[in-house]
1. If we sort A:78-85, A:47-54 on the protection proxy, mean other Cβ atoms within 10 Å, highest first, what's the order?
2. How many angstrom separate the Cα center of the range A:63-90 from the Cα center of the range B:10-27?
3. Which percent of Cα-Cα pairs in chain B sits in each 10 Å bin, short to long?
4. Can you give the relative contact order of the range B:27-112 as a percent, counting alpha carbon pairs under 8 Å and 6+ residues apart?
5. Strictly over 32 Å apart at the Cα level, which of A:Lys57/B:Lys56; B:Lys70/B:Lys107; A:Lys17/A:Lys107; A:Lys107/B:Lys67; B:Lys67/B:Lys107; A:Lys31/B:Lys67 would you flag in this model?
6. Over all directions, the average projected area of the alpha-carbon convex hull for chain A comes to how many nm²?
7. Counting only other chains, what is the mean number of Cβ atoms within 10 angstrom of the Cβ of each residue in peptide A:35-41?
8. Could you quote the convex hull projected area for the protein assembly as shown, Cα atoms only and averaged over all directions, in nm²?
Amino acid sequence: EADIYQTPRYLVIGTGKKITLECSQTMGHDKMYWYQQDPGMELHLIHYSYGVNSTEKGDLSSESTVSRIRTEHFPLTLESARPSHTSQYLCASSRGPTGTDTFSDEKLFFGSGTQLSVL
Amino acid sequence: QKEVEQDPGPLSVPEGAIVSLNCTYSNSAFQYFMWYRQYSRKGPELLMYTYSSGNKEDGRFTAQVDKSSKYISLFIRDSQPSDSATYLCAMRGPGGYQKVTFGIGTKLQVIP
């Protein structure tokens, strides 16, 4: 049972607003990720973190920013939302390398997602 | 060209049918192969995983990997309406910090 939570589940907001999408996990995982999923498209990695105070941009360019001040918390922020930011945002976590079981270390646990609509 | 190709469907089958879902890939470095199931308005959940070539069975699900053909499959036996979901293949290379590449997902509907 995955213990990773995203809020809000749905967000409809006007252009120019600042928004923060919350993601928390209670599994003590070191690695956390943000993916963007659009209808008919693959999941694209937009941000990832390998631990506290570590953040990196993913493969898909995004105007969002992330922070990782606590192990369990990985929020995503858009300073000024635009209609092009309308998408499903999925947060995920994985245990990270223990040196004993590479695959289990990398198993991704996903939250239920935030569907963002910017008008 | 995409690294991972997957037919988006939709695929509709009657209850009890055997379902075959497939992906092809171009990156020969991929060694870990996964299938995720995603129900509507939910995040993906890991269903099956295999390392390198071969078969793996778990209940009604069988995952197959043919690295020589760069082709992976997921078979669902005795399909149930509760199997109706989108199935995403995913794969990654060796090493502890390899990114996961996902397919577009195949939408499956099992009709009672």
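Throughout, read-outs are computed from the coordinates displayed, never taken from laboratory work. Values in this document were obtained by computation on a predicted structure and should not be read as measured data. Here the Cβ positions follow ideal geometry from the backbone for every residue, glycine too, while neighbour counts run over all protein chains shown.
1. In decreasing order of mean packing, A:78-85, A:47-54 become A:47-54, A:78-85.
2. With the range A:63-90 and the range B:10-27 each reduced to a Cα centre, they are spaced 34 Å.
3. Going out from 0 Å in 10 Å bins, chain B shows 15, 49, 30, 6, 0 percent.
4. It rounds to 30 percent for the range B:27-112.
5. A:Lys57/B:Lys56; A:Lys17/A:Lys107
6. 7.3
7. If you average over the peptide's residues, the count of other-chain Cβ atoms is 3.
8. Values: hull surface 51.0 nm².
If you wrap the Cα atoms of the protein assembly as shown in a convex hull and average its projections, you get 12.8 nm².
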